[in-house]
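Working notes for the structure below.
The values are calculated or read from the model by the stated rules, or taken from the named source; none is laboratory data. Bear in mind the structure is a predicted one, so any value in this text is a computation, not a measurement. Note: ideal-geometry Cβ built from the backbone for every residue, glycine included; neighbour counts use all protein chains shown. Ligands, DNA and RNA are excluded from the accessible area calculation, which covers all protein heavy atoms including side chains. Shrake-Rupley method; radii C 1.70, N 1.55, O 1.52, S 1.80 Å.
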Amino acid sequence: MTDYAIRVAGLGKQYRIGGQAETRYRTLRDSIARAASWPGRLLRGELADNAQTIWALRDVSFDLLKGQVLGVIGRNGAGKSTLLKILSRVTEPTEGYAEVTGRVGSLLEVGTGFHPELSGRENIFLNGAVLGMRRQEIATKFDEIVEFAGVSQFIDTPVKRYSSGMYLRLAFSVAAHLEPEILVVDEVLAVGDAEFQRKCLGKMSDVAEAGRTVLFVSHNMSAILRLTEQAIVLDHGQIVHSASTREAVDYYMASGFSQSGERTWSADEIPADAAPFKPIALRVRDPRGKVADTVLSKEPLDIEIEYELSEPIQGLRVGVYLQTIRGEIVFTSFDTDAPKTYEKFGSRAAGRFLSQAQIPANWLNEGQYVLGMNASAFRVRRFFYDERALAFNVDAMGAPGMQWTEPRQGLVRPQLDWAIKKVKV
Amino acid sequence: MNAAQPASAEMNTFTIKPQKGLASLNLRDLWLFRELIYFLTWRDIKVRYKQTLLGAGWAILQPVLQMLVFNVLFGDLAGLSTGGVPRPIFTYAALLPWNLFSTAISDAGRSLVTSRNMITKVYFPRLIVPLSSILSGVVDFAIAFVILIGMMIYYGIAPTSAIWLLPLYLLLGLTTALGVGLWLAALNVHYRDVRYLIPFLTQFWMLASPIAYLAKEVFDRLPEGWGWLYALNPMVGVIEGFRNVLLGSEIYSGEVIWISVLVAVVLLVSGLFYFRSMERTFADTV
């Protein structure tokens, strides 16, 4: 017999959204029927918001074995949180069903039930109880929780006097020590400093390795890749892809990006407050000058930004963020980084410009990269910003080390001048 | 690691699907989460008077000041009879259950909306929220009760032999409060009008309860056989009962107390079912 932790079949959730109710074709009979059902609708709360509906989740089906760790990927509003809310019984589905075996612990948001006037100690017990822990269970884990959060000095201080970092650490710590059979996690890793985030990730992989079933939602693709083996991609409330995590992440990251090697902006994509700056295009070119969506690692590549200024701008800098497909930034670079160009173009006249730069050969490793773009005057104003403007591929063909077919780890793939000498012993 | 796991009884499978029709009360979950009732009640008690100058003194000051005002208004000015009981203690003994009741319904009525962030984030039986907000009010009642004992000693009034009925009257009051509280809490999720309704409701209800006067005044004015009308307000029975068993003041509600009990039970049961059937949409609309 297969041991399922979660079985979901045809799950759907409909929400009412604001707006006017349909009023066409209202017959007298309808009106009388509506009037007669008025008390019922009043009690069901349907008078305040008789409006349009949307499906936040539709036709979602999947099975999760005991001990499996599943990643859930999707843009904002794709239905990830709704799915987790249904599975953790916060809200009811409109259709379909789910079967869940075991206690579900949800980390939909840490610090739920924290009261600012209560001390850290009191909040640990309160929050633990809210999350479904027994008093004894909390008592046995108390020291561990406090130590993990690193707040032992302030444990009897009201949490309203905590710094926001301490507060979040304590909150996460309580939640992380919950030991349910099924753990549902949403974005908690967005809290705290880098050091604490590392700790959280470590704790999460402990949980995953301890054989618990985990459902993990995050925007942090590297966390998803590290912690999960399988993933589903949600879009507009439906599962659009279900595969191994690596494949699902690539699918997700590649969808929705321009793949032509050039990105242009239509008028409605440029915010009104960008003026006097107007972006025209962001391009990637191969060494032969061709706009390309795939370039070779062994060749240099050109990045160019075309833009127009309707007025002169003081201190303008236009630049790019190069990111991996998983959102890690490889570097940031601006066109006026060099003192010489800064002197010359620190104040730029009105007109059309082209800022170009070259990424040297044997520099980027194979993979998918995303360029973001930024035009700003430092500490004065940001004119235009597009975090994920253009995606392109780097191919390792002919790159150093290609005699071995394995994929290379790392963001860069430099050709280093290795010297090999024979040493006399 | 599994040692800390709760009993295997909780390991069973539950099915999540849309509920149709009348919801079950799901008392099993309420039992599983009993410690949360305790913790939330304890939290409400702990934070109730935090950062106040007088602290728990407010639990005493409030009824005492009310009593003084009532004495002037209804005693010195209106000259209503108390049936021979000294007016201060006559009023105070009535204000105790009344304040418990009125705080309970207004706290419970607002409780779901104020715990919005918990309701939208984690699952637990939502009944716990209004329930614990009512329970935490009992502490104020207990503190104020100490003053009543002091007053009884001062006036030399001994409780009657029917004092064992006191917890039952208290229970009647709490049952009514929970019933009304559940209705208000669930309605408040959809209609924030409830927030504005609550002050009026408690004000009118207070005037319709025999706090400053004897229930006799009303019963006597009602035509023969219409006494049940006044007894529809369960607080009539509760307040009369309190004064009767504590101060030996004459009870006028008599037989009609059963009407109060019936009303309280109907309020509670209907409140429970209404609350439960609305519970499924709380997280979406609160």
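The table below gives the values:
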{"quantity": "Full-stretch length increase - A:Arg44, A:His236 - with 0.36 nm per residue and alpha-carbon distance subtracted", "calculated": "66.3 nm"}
{"quantity": "Relative packing of B:104-112, B:190-198, which averages over residues the other C-beta atoms within 10 Å, highest first", "calculated": "B:104-112, B:190-198"}
{"quantity": "Helix-only [θ]222 nm of the protein assembly as shown, DSSP H runs n ≥ 4, -39500 (n - 2.57) each, per residue, nearest 500", "calculated": "-13000 deg cm²/dmol"}
{"quantity": "Cα-Cα over 28 Å, subset of A:Lys199/B:Lys121; A:Lys66/A:Lys160; A:Lys298/A:Lys344; B:Lys17/B:Lys121; A:Lys80/A:Lys278", "calculated": "A:Lys66/A:Lys160; A:Lys298/A:Lys344; A:Lys80/A:Lys278"}
{"quantity": "Per residue accessible area of segment A:262-395, 1.4 Å probe, in Å²", "calculated": "49"}
{"quantity": "In degrees, nearest ten, helix A:245-254 long axis to first principal axis of chain A (Cα)", "calculated": "70"}
{"quantity": "Length gained when the stretch A:Trp404-A:Arg246 is fully extended (0.36 nm per residue, less Cα-Cα span)", "calculated": "54.7 nm"}
{"quantity": "Residue among B:Val72, B:Val256, B:Val139 with the largest mean-square fluctuation in a Gaussian network model of chain B, springs linking Cα atoms under 10 Å", "calculated": "B:Val72"}
{"quantity": "Alpha carbon centroid spacing (whole Å) that separates segment A:407-425 from segment B:88-107", "calculated": "84"}
{"quantity": "Protein accessible surface hidden between A and B, which excludes ligands and nucleic acids, total in Å², probe 1.4 Å", "calculated": "4600"}
{"quantity": "Protein accessible area in chain B, 1.4 Å probe - carbon and sulfur %", "calculated": "68"}
{"quantity": "Förster-model FRET efficiency, 60 Å R0, B:Trp205 and A:Ser205, C-beta, rounded to 0.05", "calculated": "0.55"}
{"quantity": "Segment A:262-395, accessible surface, carbon-and-sulfur percent (1.4 angstrom probe)", "calculated": "49"}
{"quantity": "Total formal charge among the other residues, if their Cβ is under 14 angstrom from that of A:Arg413, Lys/Arg +1 and Asp/Glu -1", "calculated": "-2"}
{"quantity": "GNM result for chain A, Cα springs below 10 Å: residue of A:Ser37, A:Ser218, A:Ser347 fluctuating most strongly", "calculated": "A:Ser37"}
{"quantity": "Estimated FRET transfer efficiency when R0 is 35 angstrom, pair B:Trp226-B:Tyr191 (beta carbons, to 0.05)", "calculated": "0.55"}
{"quantity": "Sequence-distant residues sharing a close amide H with A:Thr91 (under 5 Å, placed H)", "calculated": "A:Ile86"}
{"quantity": "Separation of alpha-carbon centers, segment A:332-388 and segment B:130-165, rounded to whole Å", "calculated": "75"}
{"quantity": "Full-extension gain in nm, A:Glu95 to A:Arg226, via 0.36 nm per residue minus C-alpha separation", "calculated": "43.8 nm"}
{"quantity": "B:Ile60-B:Tyr154 pseudo-label distance in nm [points 7 Å out on the Cα-to-Cβ vector]", "calculated": "1.1"}
